[in-house]
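The values are calculated or read from the model by the stated rules, or taken from the named source; none is laboratory data. Only a predicted model underlies this, so the values are computations on that prediction, with no experimental measurement involved. Backbone-built Cβ (ideal geometry, glycine too); neighbour counts: all protein chains shown.
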Amino acid sequence: MDIIPINPIQGGNKVEQKLDKAAQKSGTGFKETFSNYVNEVNDLQVKAGESIENFAVGKVENVHEVMIAMSKAEVSFKFMMETRNKLVDAYKEIMKMSV
């Protein structure tokens, strides 16, 4: 039995690419970059919800597509939450230093 390799998810480094592009552009700040990332995560959540609805009503028969959409949304949301937690921790450390 041969093992078939799984192709990596396309566009998996979108966040890194966006941050690199933002650093190269002088007009894009942290606020806009983070806002764009949050909007991208929201779009993935919406697409996963639509995929679940389409599967429930029978428009989509491929369970794998639904699971992939859900996994993308879950991973991106977890990454966003960890990023937020790190930013809050950094803010708290800065506030401790200024006292």
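Structure summary
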read-out	value
The range 37-54 residues that are free of Cβ contacts under 8 Å to residues at least 60 places away in the same chain and in a helix (DSSP H, G or I), paired with ones that are of a type in the set (Ser, Thr, Tyr) and surrounded by 19 or more Cβ atoms within 10 Å (Cβ to Cβ) (beta carbon under 6 Å, 6 or more apart)	41/76; 44/76
Selection from the range 55-88 of residues that are in a helix (DSSP H, G or I) and loosely packed, with under 10 Cβ neighbours inside 10 Å	57, 63, 64
Residue check for residue 50: modelled with pLDDT of 65 or more and not aromatic (Phe, Trp, Tyr)	yes
